[in-house]
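Here the structure is laid out as structure tokens; the discussion comes afterwards.
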Amino acid sequence: MPDANGAVLLVVIGTLACLLKIRSNLHSYADPTRSLVNPQLLRAADVAADAAASSQAAPPNVVFIQHESLSGSIMLNTEKGKANTPFFHERMANDPDFYAFEHHRTGSGHALDAMPSLMTGCLPYIKKGMKYSHANGKAIGYEFAEKGYATASFSSRILDEDITEGKFGVLHDLLAGGMDRVEDASVNPNLEIDINDQGTSDGQMLPLFEEWLEEFDRLKEEEGSPSKPFYAQFYNFNNHYPYLDDHSDFSRLHGDNYITSMKDTDRFLEDLFEFLSSTGRLENTIIVGSSDHGEDPFKKPLARTKVLTSHILHSVGYVYYPRHLMTHEGMEERLRRNTQMMTHTLDIFPTLLSIVHGGNVATDGEYHDHPMSDPNTAADEGCIAGIDLAAVDIPEDRVTIAMNLVSGVSRSLTLWAISTKDFTLYHRTGRTEVYPLQQGRDNDYVLEFGSCTKDVMKLCMTDLSEEKEEYFRRAITSLRSYGSSFVGESVKTSKIVRFFVNILGGESAMEQTADAMAAEYLGSKESRVAFIEGESAMEQTADAMADEHPAAMESRVALIGGESAME
């Protein structure tokens, strides 16, 4: 632990850094009086408070579930969704170790974009990012394998030629790479493709999981390694069209089939928790789940491949994280708070990456060496990345991006969006109109979330109004003002951001909005001048402190991530 003077110095450093960054953190489209939290400073505060955090006797087991096409808005907001997922909602309401992220967003409605971003932590915003997210060896399973975990993958979607070498060939390494064992209908003759036209029931994977764990326990005894943990991933496919059915007609009945598939998902989760609990494993297991994207089955089957809607962008995300496995104070409160903030499927990868590195990522060199651990290094790879949900306080005015850079190329289809917790500004360019969704060939729309999505037949979509133009100018101002906290610097000037800036009136309109927000935050011109003078004085004080305590300053800067993190 730092001595008393060192602790005081750390507090002062953190205060100075916050004050010196406040001009870049003062923009909020919802409330101009609220500043943002810098994740790097937050991690520094955690290190100062928990420098002597206790290490676990054995690493936790980890289960990661990828839910194909599971819509968060239908599951969480509609009466049918709630009625058919009672176990999930009971855990959500009553289990203090269960965290359901109620405003979870995706980067695309197409698996070719969404699954790689979920599994590698990279949503490409330029072609370089496509190369990164499609390269073998980038999936999260490799990270657990390298740390000595026993690994297994269970896919209810058959890993056939479409997955191994065809149109969806990029998915194979995500689902099978780094795995000691892979189970699907292509390698297990006991699994019949009789429920979903491309796979088996998700529930058929659980007996295979149980069998693998029995074998895993036996091998641990033989090897004399009782503390070896396991990592298991499930690719659950039953929420994919045709939703536990083999019919080929495109009738509205498929919406009802989709609700039925949610019941199967809920039963899978209940059986998984029951098995882990009955075998004594649940207390040492972290479970992370996320859909790759949502779905809008009541209006048009597979609509997500042609359009974006609120039901498609709203994914399901959750974490079961036993409190005694948490490595430092504040994780429980942070996770609980973040359930009410806007999260993203991109956040799942760094959250898992943190877990595999023991949770103490602020001082973990291997964690920080990973390009997806920092927004700027991710941007250098052509990627938009997420944040560790257990280590970062997400601000109310977070802004996220969706774009179909991979899936749109061959179809001349552009589905781009920037989202806040309540609304999305969305642009669609396509060869044809999509009549059931009332979307044209080259149009801008505003999508609405929340209570609007309780009715599955409502479009929850309007044209872009002047009021919403100002709203989204403030959102983009917030996106640009986050520093290196949430998106890399090059993302702020990327093609997609410039595109939406032009839709909203160009840079001159953005400057007027930024000036108005600064005035709202700082008040009169005199107070702004006083603020600037105060900042200058703080800089002089910081320089003086560095001169007085060079060794202490250098060691503490190193402790919290080095000069780049301080900047």
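The values are calculated or read from the model by the stated rules, or taken from the named source; none is laboratory data. Source: prediction; values computed, not measured. As a convention, Cβ positions derive from the backbone with ideal geometry for all residues, glycine included, and neighbour counts pool all protein chains shown. Heavy atoms of the whole protein, side chains included, go into the accessibility calculation; ligands, DNA and RNA do not. Shrake-Rupley method; radii C 1.70, N 1.55, O 1.52, S 1.80 Å.
Values as computed for the structure displayed
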| read-out | value |
| --- | --- |
| Residue match in segment 148-158 (condition: open to solvent by 30 Å² or more (accessible area, probe 1.4 Å) and among the basic types (Lys, Arg)) | no |
| Enumeration of residues in segment 77-108 that are in contact with a strand residue (DSSP E or B) (Cβ under 7 Å, 6 or more places away or on another chain) and either surrounded by 22 or more Cβ atoms within 10 Å (Cβ to Cβ) or at pLDDT below 95 (or both) | Tyr99, Phe101, His103, His104, Arg105, Thr106, Gly107, Ser108 |
| Residue in segment 389-403 that is over 21 Å from Ile287 (Cβ atoms), of a type in the set (A, V, I, L, M) and in contact with an Asp or Glu (Cβ under 8 Å, 6 or more places away or on another chain) present | yes |
| Top-ranked residue in segment 403-419 [being hydroxyl-bearing (Ser, Thr, Tyr) and in a loop (DSSP other than H, G, I, E, B); ranked as modelled with the highest pLDDT] | Ser407 |
| Residues satisfying the stated conditions in segment 97-117, i.e. in a strand (DSSP E or B) and of a type outside the set (A, V, I, L, M) | Phe98, Tyr99, Phe101, Glu102, His103, His104, Arg105 |
| Extreme residue, surrounded by the fewest Cβ atoms within 10 Å (Cβ to Cβ), among residues of segment 378-402 that are farther than 30 Å from Thr305 by Cα and either touching a helix residue (DSSP H, G or I) at 6+ places or on another chain (Cβ under 7 Å) or modelled with pLDDT of 95 or more (or both) | Asp393 |
| Hits in segment 136-169 (condition: touching a residue at least 60 places away in the same chain (Cβ under 8 Å), in contact with a helix residue (DSSP H, G or I) (Cβ under 9 Å, 6 or more places away or on another chain) and not basic (Lys, Arg)) | Ile140, Gly141, Glu143, Phe144, Tyr149, Ala150, Thr151, Ala152, Ser153, Phe154, Ser155, Ser156 |
| Any hit, segment 346-355, residues being of a type in the set (Ser, Thr, Tyr) and touching a helix residue (DSSP H, G or I) at 6+ places or on another chain (Cβ under 6 Å) | yes |
| Top-ranked residue in segment 118-138 [being part of a helix (DSSP H, G or I) and under 19 Å from the mean Cα position of the chain (by Cα); ranked as surrounded by the most Cβ atoms within 10 Å (Cβ to Cβ)] | Leu118 |
| Condition met for His311 (closer than 29 Å to Gly440 by Cα, within 17 Å of the chain's Cα centre (by Cα) and outside any helix (DSSP H, G or I)) | no |
| Close pairs from segment 196-221: first within 14 Å of Arg281 (Cα to Cα), partner aromatic (Phe, Trp, Tyr) and at pLDDT 90 or above, Cβ under 8 Å, at least 6 apart | Phe209/Phe154; Phe209/Phe234; Phe209/Phe275; Glu210/Phe275; Leu213/Phe230; Phe216/Phe230 |
| Looking only at segment 420-464, and only at residues there that are in a strand (DSSP E or B) and open to solvent by 30 Å² or more (accessible area, probe 1.4 Å), the one that is nearest to Thr305 (Cα to Cα) | Thr429 |
| Flag for Val316 being surrounded by 21 or more Cβ atoms within 10 Å (Cβ to Cβ) and under 28 Å from Leu459 (Cα atoms) | yes |
| Residue that is nearest to the chain's Cα centre (by Cα) [pool: residues in segment 72-113 that are closer than 26 Å to Ile387 by Cβ and of a type in the set (S, T, N, Q)] | Thr106 |
| Within segment 272-303, tally of residues that are within 19 Å of Ile348 (Cβ to Cβ) and either in a strand (DSSP E or B) or under 22 Å from the mean Cα position of the chain (by Cα) (or both) | 11 |
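To keep it simple, each residue is scored yes or no on (1) surrounded by fewer than 19 Cβ atoms within 10 Å (Cβ to Cβ); (2) more than 18 Å from Met457 (Cβ to Cβ); (3) in contact with a Leu (Cβ under 7 Å, 6 or more places away or on another chain).
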| residue | (1), (2), (3) |
| --- | --- |
| Leu302 | yes, no, no |
| Thr309 | no, no, yes |
| Arg323 | yes, yes, no |
| Glu329 | yes, yes, no |
| Asn338 | no, yes, yes |
| Thr345 | no, yes, yes |
| Pro350 | no, yes, no |
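Results for (1) within 18 Å of Trp416 (Cβ to Cβ); (2) touching a residue at least 24 places away in the same chain (Cβ under 8 Å); (3) of a type in the set (Gly, Ala, Ser), shown as yes or no for each residue.
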site: Ala114; (1), (2), (3): yes, yes, yes
site: Leu118; (1), (2), (3): no, yes, no
site: Gly121; (1), (2), (3): no, yes, yes
site: Lys131; (1), (2), (3): no, yes, no
site: His134; (1), (2), (3): no, yes, no
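For (1) open to solvent by 20 Å² or more (accessible area, probe 1.4 Å); (2) more than 16 Å from Leu276 (Cα to Cα); (3) touching a Cys at 6+ places or on another chain (Cβ under 8 Å), each residue gets a yes or a no:
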{"position": "Gly178", "(1), (2), (3)": "yes, yes, no"}
{"position": "Asp184", "(1), (2), (3)": "no, yes, no"}
{"position": "Thr200", "(1), (2), (3)": "no, yes, no"}
{"position": "Leu206", "(1), (2), (3)": "no, no, no"}
{"position": "Leu219", "(1), (2), (3)": "yes, yes, no"}
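Yes/no per residue for (1) under 22 Å from Ala402 (Cβ atoms); (2) part of a helix (DSSP H, G or I); (3) free of Cβ contacts under 8 Å to residues at least 24 places away in the same chain; (4) of a type in the set (S, T, N, Q):
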site	(1), (2), (3), (4)
Glu467	no, yes, yes, no
Ser478	yes, yes, no, yes
Phe486	yes, no, no, no
Ile496	yes, yes, no, no
Ser508	no, yes, yes, yes
Gln512	no, yes, yes, yes
Ala519	no, yes, yes, no
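Yes/no per residue for (1) in contact (Cβ under 8 Å) with a residue 60 or more places away in the chain; (2) within 19 Å of Ser73 (Cα to Cα); (3) of a type in the set (A, V, I, L, M):
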residue: His293; (1), (2), (3): yes, yes, no
residue: Leu313; (1), (2), (3): yes, yes, yes
residue: Val316; (1), (2), (3): yes, yes, yes
residue: Thr327; (1), (2), (3): yes, no, no
residue: Glu333; (1), (2), (3): no, no, no
residue: Gln340; (1), (2), (3): yes, yes, no
residue: Thr345; (1), (2), (3): yes, yes, no
residue: Ile348; (1), (2), (3): yes, yes, yes
